[in-house]
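A.B. asks: Mind looking over this structure? Questions follow.
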């Protein structure tokens, strides 16, 4: 299995590592984030468990689900994050700025709706 490296989704500030199949580990933002893929359905759905360096040892992993839905003129992207520890509420802005806006710039000019 080939390891993937790249800057997609992090504005090129820090390359992450990851694998292209479910249950494989990944890192992002210089090891600030580490996690694993739970489910990968190409072109449709990604589910990941992850945590940042700011999570307490006893905090469970957060989970994200990214759904991709074909719509006229593009793709609707829906991102849901659950199991976020209390006091960690800035992730919404991070998702928008460092991932969704980056994808919008890379793939086209369709409107990103939250």
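The values are calculated or read from the model by the stated rules, or taken from the named source; none is laboratory data. This one's a predicted model, so the numbers in the text were calculated from it and none came from an experiment. Glycine gets a Cβ as well: all are built from the backbone with ideal geometry, and neighbour counts include every protein chain shown.
A.B. asks: Of all residues in the range 47-61, count the ones that are under 17 Å from residue 32 (Cα atoms) and part of a strand (DSSP E or B).
C.D. replies: Selection size over the range 47-61: 5.
A.B. asks: Within the range 24-38, work out how many residues are more than 11 Å from residue 64 (Cα to Cα) and part of a strand (DSSP E or B).
C.D. replies: Step one: of the range 24-38, the residues more than 11 Å from residue 64 (Cα to Cα) are 24-34.
Still in the list and also part of a strand (DSSP E or B): 25-28, 33-34.
The qualifying residues number 6.
A.B. asks: Among the residues of the range 90-112, are any surrounded by 15 or more Cβ atoms within 10 Å (Cβ to Cβ) and at pLDDT 85 or above?
C.D. replies: no
A.B. asks: When residue 64 is evaluated against the numbered criteria (1) more than 19 Å from residue 37 (Cβ to Cβ); (2) surrounded by 12 or more Cβ atoms within 10 Å (Cβ to Cβ); (3) under 15 Å from the mean Cα position of the chain (by Cα), which criterion, by number, is the only one it fails?
C.D. replies: Among (1) more than 19 Å from residue 37 (Cβ to Cβ); (2) surrounded by 12 or more Cβ atoms within 10 Å (Cβ to Cβ); (3) under 15 Å from the mean Cα position of the chain (by Cα), residue 64 violates only (1).
A.B. asks: Right, here's the next one. So for the range 28-47 (the condition being at positive phi, within 13 Å of the chain's Cα centre (by Cα), at pLDDT below 90 and surrounded by 12 or more Cβ atoms within 10 Å (Cβ to Cβ)), does at least one residue qualify?
C.D. replies: There is at least one residue in the range 28-47 that is at positive phi, within 13 Å of the chain's Cα centre (by Cα), at pLDDT below 90 and surrounded by 12 or more Cβ atoms within 10 Å (Cβ to Cβ).
A.B. asks: Could you identify the single residue in 106, 99 that is more than 26 Å from residue 55 (Cα to Cα) and touching a residue at least 24 places away in the same chain (Cβ under 8 Å)?
C.D. replies: Values: 99 fails: more than 26 Å from residue 55 (Cα to Cα).
Result: 106 is the single residue among 106, 99 that is more than 26 Å from residue 55 (Cα to Cα) and touching a residue at least 24 places away in the same chain (Cβ under 8 Å).
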